[in-house]
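The values are calculated or read from the model by the stated rules, or taken from the named source; none is laboratory data. These numbers were taken from a predicted model, which means no experiment stands behind them. When we count neighbours, we look across all protein chains shown, and the Cβ atoms used for this are built from the backbone with ideal geometry, even at glycine. Each accessible area value is taken on the protein alone, full model and side chains, heavy atoms only, with ligands, DNA and RNA left out. Shrake-Rupley method; radii C 1.70, N 1.55, O 1.52, S 1.80 Å.
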Amino acid sequence: MQNDNTFTTPVLTDINDDSFVKAYQQFIKHGDFISLTRQFEQGLIQTGASNQLSFSVNNAKVSLLDIGVLLVEPISSAKPSKSIVISSGIHGNETAPIEIVQQLISDMVAQKTQVKHRTLFIMGHPVAMNIAKRFQTENLNRLFCGKHKGIAPCFEKDRAEKLETYVSDFFNAGCTKDTSANSIDSEVTNYHYDLHTAIRNSKHEKFAIYPYQGDKPWDKEQLSFMAACGVNTILFGHGPTGTFSYYSSANFSAHAFTVELGKVRPFGENNMANFSAMTEKLTALICDEELLLNSFDNKDFNLYTALGDITKVSDNFKLFIDDAASNFTDYPVDTLLSTDTGEEYRTTQPGESIVFPNAKVGNGQRAVLMVVPTSLS
Ligand SMILES: [Zn+2]
């Protein structure tokens, strides 16, 4: 863990400041959420639904809860059946997901689409977006589930805590709203798709991490939804983590995924056609259009389960995996992958593959996640 001793309390924006009022009016008109988010990166003084930054569009109430956090609530007498979080930019330089969320928002503002389910759009890390880095001080996607409490003050510590609050308020309000005499709260289904792009190449360009479910079965319809979004490689989580998607899955039983959509590129350099399936299916989901999913079939997927970690134990640790090795590269059985004081790691299973290799971690930390192909019965 890094400490940033230079951290000073962020200068938050007052929503009555002229520059903010002007930018907010521009946003309502043109729907450029990236621009509004980048201009006031540190956040707002007045946050939450009570700050009165709301407007109506196409039969939905849209509320800016904080910088990068936009709540959409359909105005309808029907009880909402879905609460959907679509988040991006938890790592600031992962621009394609941010541009996907931008597209969904600008289509709504331009009234090209009508959002019919409660939706929370998030651009997670405006400060890192502006410096075109993954993060400033701490990896934000390891700080959820309260893990932010244990670190020194930094932008990410504050932001993780706030994002947890916005998401939990969002899911809680979805459950308790409109509870007429004989309706049951559990009729609302929660979703959270946390969109990312990866640092390294991957043998499977797009893949998703399905958060650890404990005793619950993996949801095949959700896997079919991922496939329809263009993501047919799934890595099943093997334990609790501090990721944003795990937070929603573990605390609100949300159908949730961390979705990796390819390689990191700067703003404007993404080929958005490459993400059209994702954008179309997310649009269909929030607009209550038919999703047209294929039923689940193992042969349509590359499914992986975790075998374990290669952990760096001491300074003598050596990793025999090329720096440029792609995620999901597999090695023949009995390949020597690492050595450390008094031990070595050799592959033991057919199809054993690497994910997220990083030799530059501290002692006691994971250097590689080892996975093997699996299928669902
Ligand atoms: Zn990421």
Simple label model, 7 Å out from Cα along Cβ direction - K22 to N363, nm: 5.6
Cross-link partners of K360 among lysines (Cα-Cα below 17 Å; sequence separation of 8 or more within a chain): K312, K318
Whole-Hz couplings from phi, Karplus 6.51/-1.76/1.60, listed for the range 49-65; x for Gly and Pro: 5, 7, 7, 6, 8, 10, 8, 10, 8, 6, 6, 9, 8, 10, 10, 8, 7
Among beta bridges that DSSP assigns inside the chain, antiparallel share in %, nearest 5: 55
Amide proton proximity set for E138, modelled H, under 5 Å, gap of 5+: E156
Across K22/K61; K112/K203; K82/K299; K82/K133; K82/K162, pairs whose alpha-carbon gap is larger than 25 Å: K112/K203; K82/K299; K82/K133
Magnitude of the charge dipole, the range 1-127, Cβ model with Lys/Arg +1 and Asp/Glu -1, debye to 20: 660
Local net charge near F257, Cβ-Cβ under 14 Å (Lys/Arg +1, Asp/Glu -1): -1
Helix axis angle, 155-176 relative to the chain longest principal axis, alpha carbon, degrees: 60
Cut-off under 5 Å, modelled amide H: who pairs with V85 long-range: L120, Y191, H192, Y193
Area accessible to solvent at M123, 1.4 Å probe radius, in Å²: 0
Residues whose placed amide H lies under 5 Å from that of L44, excluding near-sequence neighbours: T13, I67
Under the Karplus curve 6.51 cos²θ - 1.76 cosθ + 1.60, θ = phi - 60°, whole-Hz ³J(HN,Hα) for the range 352-361, x wherever Gly or Pro sits: 4, 10, 9, 9, 6, x, 7, 6, 8, 8
Where S276, S202 fall by accessible area, highest first, once all protein chains stay in place (1.4 Å): S276, S202
Net charge of neighbours whose Cβ lies under 15 Å from the Cβ of Q222, counting Lys and Arg as +1 and Asp and Glu as -1: -1
Under Karplus coefficients 6.51, -1.76 and 1.60, residue-wise ³J(HN,Hα) of the range 271-277 in Hz, glycine/proline x: 7, 5, 4, 5, 10, 5, 4
Largest to smallest accessible area among F356, F320 [probe 1.4 Å]: F320, F356
